[in-house]
Structures are given as C-alpha cells and as structure tokens.
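Inspection log for the structure reproduced underneath, given as structure tokens.
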Amino acid sequence: MYRRRRTVGWSAALAVALTLVAVLSATIGPVAIPAVAVAKAILNEVALPTLALGTGGTLSWVHPFSFAVERSHAVIVTELRLPRIALGAAVGFALATAGAVMQGFFRNPMADPSIIGVSTGAAVGAVAAIVFRPAIPLVPDLQGLAFATALAAGFAVYLVAREGGRTPVATLLLAGVAVQTFLGAVVSYTLLFAGDSLERAVFWLMGHLHAASWGKVGAVWPVAVIGFAVALVYARELNALLVGEDDAHTMGVEVERTKRVLLAVASILTAGAVAVAGVIGFVGLVVPHVMRLLVGPDHRILLPTSALAGAGFLVATDTLARAGPAEVPVGIVTAALGAPFFLYLLRNREVHSL
Amino acid sequence: MTGPGDASADGPAADQPALELDDVTVRYGDRTVLDEVSLSVRRGEFLALIGPNGAGKTTLLRTANGLVTPDAGTVRLNGTDGSRLSVRERARRVATVPQETSVGFDFPVRDLVAMGRTAHRSRFSRADESDRAAVRRALDRTDTAAFADRPVGSLSGGERQRVVLARALAQAAPLLLLDEPTASLDINHQVRVLGLVRGLVHGAGDEEGSGPTATAGRTVVAAIHDLDLAARFCDRVALLADGHIRAMGPPETVFDPGQLERAYGVGTIVTENAATGSPVVTAVPETGDAAVPGADIPEGAERVAGADATDGSDRQPLAKSDDD
C-alpha cells in the first residue's frame, strides 16, 4: 500500500511534468506561440468534442463550446508540432520501458534496448529501403521493413543463443554483440551503394523525429502501450529474476517462459520505436538508471516511472534539437546530453549495480 | 540403501516419504555427479548431507528442487513424481536456501522476503493478509524484522543468509532444502539458525507458532560441511562421496573413522563432545602422526577409533562402550 501510493504519486508527478514539457515544446519553433494558445488549441482538439444525441435521434460529434485561437496558430500546433511531440513521447516511452526490462533481464547496468541487435536490424531494413526502394518497386515502405528486420534480428539472436531449451543470458549478450557487428557491416556496405540517398540514410541512422505524422503516432502508441502493459504484468517476475534465475525458479517463476515473453516485449517496443524514429541512443540506457536511483529497483514502480520519464526526456531533447537555427537529429542531442549526465551519475552516485 | 520400508504404518498418504530419490543419475557432460542415488527422507525429519567438496551434495539438492533434471531415475515429492509438477506447484512443496545469492542490489529486506510468496499469489492479485502474515512471521523467526526496511545490499553476510532463509520460510513449503546454511555465520548464528531449523522440524525450542506455516513438522534436508553441527542438530546423516551415498543413518553410526577416511581421504578421530554428547570428528592429515595438534583428545571424551584406522570398516561406531 505504501508502494502503491508511491507508484501513483511518482507517476502522477511525471505525467504532469510530461504534459508541461509537451505544452512548452509546442510553443517553441520558427513561429512563437503563447502557451495559453497552445493549451486552447489542444483542448479544442482533444477535450471538448463530445458525443451528443442530436435532434432526430442521431449520434454525432459536437463542439458545445470552443476557445478562440488564431487559425494559423491552431494549424501549426495540431498539424505540425503536436504529432512530433506525440511521436517523441511514444518513442521515449517505448525505449525507456524496453531499457528497464533489458537491464533487469540481463542484470547488467550496460544493457539497453538495442542490446540484442534489434536497432541494428532496423537500420538494415531502413537503409535498404532508402537505398533500393527507388530502384526496386517491391521493397516495402521504410517503417514496415525496418520493423520487420528489427524483429528478425532479435529473433535470430534468440535462436543463436538458445541451447537445450534454455537461453543463457551471457550467451544472449554475446550473440547480440556479434549480430550487431555483422549487421553494422551490412549497413555500411549498403551505404556504399547509396549514391544520392546517402544523406537521407545517414540522417535516418542518427535518429530523428522530423518526419512525424499523426499516422506514425497512431502506429507507435498502441505498440508502446500494449508492450508496456505486458511488461508491467511481468514486473514481479522481473524482480525475482533480479535475484537470480535459479532462485526465481525455486520461488515458482517459470523462468524460461518469462524470459521469452520479456525478450519479445522489449524487442517489439524497440522495433516499433526505431522503425519510426531511427536509432535514438541513450534514452533506454540512462532514463531507467536515473529512475532506479530515485524510486529503487522494484519494477512495479520502476517501469511506469521510467516510461513516463523517457517520454518527457525525449520530447524535451527533441525540442532542443529543433529549437536552433538548423535542426539537429535528436539522436545526437540525447547522446550529447545523456552521456555526460551518465558519467556524472557514475562518479557521484551509485550507478554501479542494478 | 535406506528404503521407504522403515516408514511407520500411518495412513497411506502419510506413508509417503517427503522426498524420495529413486536411482537418480545426473551427468554434467561426461562426468557423472550422481550415480544411481536412492534416498528416502521421512516427513518431519532433519537430514544432513555431508561429504567432501564435489561429492554431489549441491547437485542432489538441485535435483530435488527441480533445477536439475536427472538423466535417469525419479524424484518424488510426497509420492508425486517431481517431473509432473509445474514450477509453481513445486515451489509450494519445496523451498530452497541456496549457497550463494546474488543480492547485490537495493531491494528492502521485506520485499525480498515477500518474493517467497510468488507461488502463492496469482498474477493479478494483491498481497492479502495471509501473505503479509507469512512475511511478518518469517522475519520474526529469523531475527531479521529489525532491519526489514533496510536494503539487502547493506547487510552483512550472516544477516543476508538469514534473510534468504526468511524468504524460504515465507514460501511455506513442507520441504526445505538448505545448501550450506551456516557457511557465512558466526558461531552464535550458526547454532541459532540450526536451532531454528530444527524447531521447524520438531517444534522443540520454538516459540508458540500460530497458523499452519509456523507449526513444526516440516522436513529439512541440509548440505552441511561442519560435521559437528550436523551431528548436533540433525536426526540422520547421509554421507555422499563420488556421487554415491556411502552411509546413511544417525550420526553415531555414520561417523565411523574408516568410512569417513574413505569418503574424505583423510584420517579422522571421532570423539564425544563433552558439552552436548554428540560425536565430534577431528581430521588428522598425517595418519597416526601424534604430533598433529588436532590429535589431542579433549578431556572427558573417549577415544573410540584410532586415526590410523585405514581398514576400520567394521569398527565399532561411537558408543558409550569402552574401546581402550
């Protein structure tokens, strides 16, 4: 009950922070829009339409009242900035959840969402789509291909590491490193043929949110939410795994099944995020660490707080990425801010273990 | 080998041994760690597994709790074939205190002990009053309630050992397996922990327990290096060497110098502990070397069998009789 209150308290605070960051982010851009106007535009779109019983017994969406917002401001907020903010939040949410799961799963503080090759797998698909799609009409669209190759890479690592019905964590880790290296070579080789599309491919690899659309938002959020929900259901097992697989087994945890579920969930979350936003590093590594320092190792509180903090962190860094005179890929900003912060934690706090 | 034949004529269900190994063979690669081991542990018994390093004690325990699947033979828990039980069902029947736990993290003691309730809770249920009561009782019995809110990582080795024992108690399983439970404990906590474990089996010396999980009548199998502690606290002793059970029975009969020398490869002197009356085994590296300090026989104890007894297979077990 104490833990439940803490979970709700932290989550509520982080949700409020995320909302504030989102509104603030929507005010920033080539056209400065006051926060009040942003809030009004969002409320007009999201909160106020209600399903009402119209005259003649038909149901329809009505806007019983709405705030007056300048038309151009409303369009900028709802069509340009909000999709990007919502996409950044979804990607951060998914990556931080996947990172928390992976670190618990591997009992290794250096584990991150890309540890079993999922991100590099996505890169292969995305770069292939960028380079070959103009020439070969059969290549599917970038996001779909990246998602598929990401999951294929993760599954391949799992199959390589599997021996006699078990999947030893150490083997998985090393297989992940090997597959990542191999796929990295594939990406580099593909780039040799990139020609005119080289810039686009490199930009994708750096991690970005500039091509956001409501369509992508609608594709990623369900993946993020469902993946998160499954991870949360397994939070107790994840705690038990942290004590050791043998101990977890003798306490009644189906260790191998739990590992398969967690691996699948983390891979799908990562694949979904990377497919739409490219390889954004450090969110999945740093955010769970920071939250673990603040709330402790219990995944029942660590998972929701990490997910919300990850969403807020990525929205904030993406705002920085696009605030300057020339847009910078957000992956550069997360790494540039995340790495020194991580080093600071390493030197000043206890980030030595899980 | 000790069979189930010595079970008294209770009901047919009570007849079943708490743990039974039937011709169990375990191989790691081409090394046979357990070689057709058969063993029967009665309900309400405290059995010590003794034997040299690498004898297969830990493997035997890991076979009993399902961490190791035997290459041949069956493990029965209360008459049920262990391989037919789900992980969860098994965890309700067997709790384990492993030799080493990797508790290098910041879970509070109470949360770690509460993990012992995993097999009793459904995925979506909250901890109910019986879960909380089991955790409280386990903390009280192991003297760990005082630091229930401290992170496990901040505790000493001995305190951690008791916390892991508390977790196993919270699991409320009728069979408890302990792998070197006293290895990292000081002499005070050695006797307290083993006294506590003995209380779980026989109820003696244990405060008034309430509820089914607190009553005596559990069965305990413990791998113990310290032969003197094994003799003092356990009902029977099984001597394991090279994957075979060499002897099994009350400590007085198993602690035969010839038998111990064949198992451990070192000469021994068996004497009687003046304070407790239980047998004391003293290893004597150079057989028959009177200069070895350990060969001094404590005052008031009887020398039963010589350290030079390399062929003492038929020697008298420790008895009150005079062997001079």
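The values are calculated or read from the model by the stated rules, or taken from the named source; none is laboratory data. Just so we're clear, the structure is a prediction, and the values are computed from it rather than from any experiment. No Cβ is skipped: glycine too gets one built from the backbone with ideal geometry, and neighbour counts run over all protein chains shown.
Which residues, counting only those in the stretch B:200-224, are more than 15 Å from B:R43 (Cβ to Cβ) and either modelled with pLDDT under 90 or not assigned by TED's automatic domain parsing to the domain that holds B:P181 (or both)? Hits for the stretch B:200-224 are B:A204, B:G205, B:D206, B:E207, B:E208, B:G209, B:S210, B:G211, B:T213, B:A214. Of A:G252, A:G227, A:G184, all but one fail to be without any contact (Cβ under 8 Å) to a residue 60 or more places away in the chain and either more than 14 Å from chain B (Cβ to nearest Cβ) or within 30 Å of B:L169 (Cα to Cα) (or both); the exception is A:G252. Considering only the stretch A:162-181, I want to know if a residue exists there that is touching a residue at least 12 places away in the same chain (Cβ under 8 Å) and crowded, with 24+ Cβ neighbours inside 10 Å. Yes: the stretch A:162-181 contains one or more residues that are touching a residue at least 12 places away in the same chain (Cβ under 8 Å) and crowded, with 24+ Cβ neighbours inside 10 Å.
Every test in (1) closer than 19 Å to B:M115 by Cβ; (2) in contact with an Asp or Glu (Cβ under 9 Å, 6 or more places away or on another chain) is passed by A:G284 save one, and that test is (1). Candidates are the residues of the stretch B:91-114 that are touching a strand residue (DSSP E or B) at 6+ places or on another chain (Cβ under 7 Å) and surrounded by fewer than 24 Cβ atoms within 10 Å (Cβ to Cβ); the one that is modelled with the lowest pLDDT is B:D106. Being of a type in the set (A, V, I, L, M), farther than 29 Å from A:D196 by Cβ and part of a helix (DSSP H, G or I) is the requirement here; does A:A90 meet it? Judged against the criteria, A:A90 is a match.
Annotation note: of A:P304, A:P297, A:P325, A:P288, the sole residue that is crowded, with 17+ Cβ neighbours inside 10 Å and part of a loop (DSSP other than H, G, I, E, B) is A:P297. If you go through the stretch B:142-180 and pick out every residue that is of a type outside the set (S, T, N, Q) and either closer than 23 Å to B:R90 by Cβ or free of Cβ contacts under 8 Å to residues at least 12 places away in the same chain (or both), you end up with 19. The single condition among (1) more than 14 Å from chain B (Cβ to nearest Cβ); (2) more than 19 Å from the chain's Cα centre (by Cα); (3) modelled with pLDDT of 90 or more that A:V283 does not satisfy is (2). Applying a threshold of 6 Å to beta carbon distances and a minimum spacing of six or more residues, or different chains, the list of pairs starting in the stretch A:1-13 at a residue that is over 15 Å from B:D131 (Cβ atoms) and ending at one that is among the hydroxyl-bearing types (S, T, Y) and at pLDDT 90 or above reads A:W10/A:T305. Scan the stretch A:36-51 for residues that are at pLDDT 85 or above and under 17 Å from A:R84 (Cα atoms) and jot them down. The answer is A:V38, A:A39. Do we find a residue being within 22 Å of the chain's Cα centre (by Cα) and touching a residue at least 40 places away in the same chain (Cβ under 8 Å) anywhere in the stretch B:118-126? Looking through the stretch B:118-126, none of the residues is within 22 Å of the chain's Cα centre (by Cα) and touching a residue at least 40 places away in the same chain (Cβ under 8 Å). Test B:A72 against the stated conditions and say whether it is among the hydrophobic types (A, V, I, L, M, F, W, C) and either within 24 Å of B:L139 (Cα to Cα) or touching a Leu at 6+ places or on another chain (Cβ under 9 Å) (or both). For B:A72, the condition - among the hydrophobic types (A, V, I, L, M, F, W, C) and either within 24 Å of B:L139 (Cα to Cα) or touching a Leu at 6+ places or on another chain (Cβ under 9 Å) (or both) - is not met. Within the stretch B:141-189, the residues that satisfy the criterion of being surrounded by fewer than 20 Cβ atoms within 10 Å (Cβ to Cβ), touching a helix residue (DSSP H, G or I) at 6+ places or on another chain (Cβ under 7 Å), modelled with pLDDT of 90 or more and in a helix (DSSP H, G or I) are B:A145, B:F147.
Taking the stretch A:188-211, which residues are buried (at least 18 other Cβ atoms within 10 Å of the Cβ) and either free of Cβ contacts under 8 Å to residues at least 40 places away in the same chain or touching an Asp or Glu at 6+ places or on another chain (Cβ under 9 Å) (or both)? Passing the criteria: A:H208, A:L209. Considering the stretch B:67-90, the residues that are touching a Gly at 6+ places or on another chain (Cβ under 9 Å) and within 7 Å of chain A (Cβ to nearest Cβ) include one that is surrounded by the fewest Cβ atoms within 10 Å (Cβ to Cβ), namely B:R88. Select from the stretch B:91-119 the residues that are more than 8 Å from chain A (Cβ to nearest Cβ) and either of a type in the set (K, R) or assigned to a helix (DSSP H, G or I) (or both) and list them in ascending order. Matches in the stretch B:91-119: B:R93, B:V109, B:R110, B:V113, B:A114, B:R117.
Yes/no matrix, rows are residues, columns are (1) free of Cβ contacts under 8 Å to residues at least 60 places away in the same chain; (2) of a type outside the set (S, T, Y); (3) within 25 Å of A:Q143 (Cα to Cα):
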| position | (1), (2), (3) |
| --- | --- |
| A:R260 | no, yes, yes |
| A:V265 | no, yes, yes |
| A:V283 | no, yes, yes |
| A:G296 | yes, yes, no |
| A:L302 | no, yes, no |
| A:L308 | no, yes, yes |
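Taking the numbered list (1) over 22 Å from B:I224 (Cβ atoms); (2) within 26 Å of the chain's Cα centre (by Cα); (3) more than 12 Å from chain A (Cβ to nearest Cβ); (4) surrounded by 16 or more Cβ atoms within 10 Å (Cβ to Cβ) in turn, B:R136 passes all entries but (4). Cβ-Cβ distance below 6 Å, separation of 6 or more or different chains: which pairs start in the stretch A:331-343 with a residue that is closer than 16 Å to A:H208 by Cβ and end on one that is buried (at least 16 other Cβ atoms within 10 Å of the Cβ) and of a type in the set (S, T, Y)? Final answer for the pair search is A:V333/A:T317; A:T334/A:T317.
Just to verify a result, which residue in the stretch B:120-132, among those that are within 9 Å of chain A (Cβ to nearest Cβ) and within 17 Å of B:R93 (Cα to Cα), is surrounded by the fewest Cβ atoms within 10 Å (Cβ to Cβ)? Result: B:R121.
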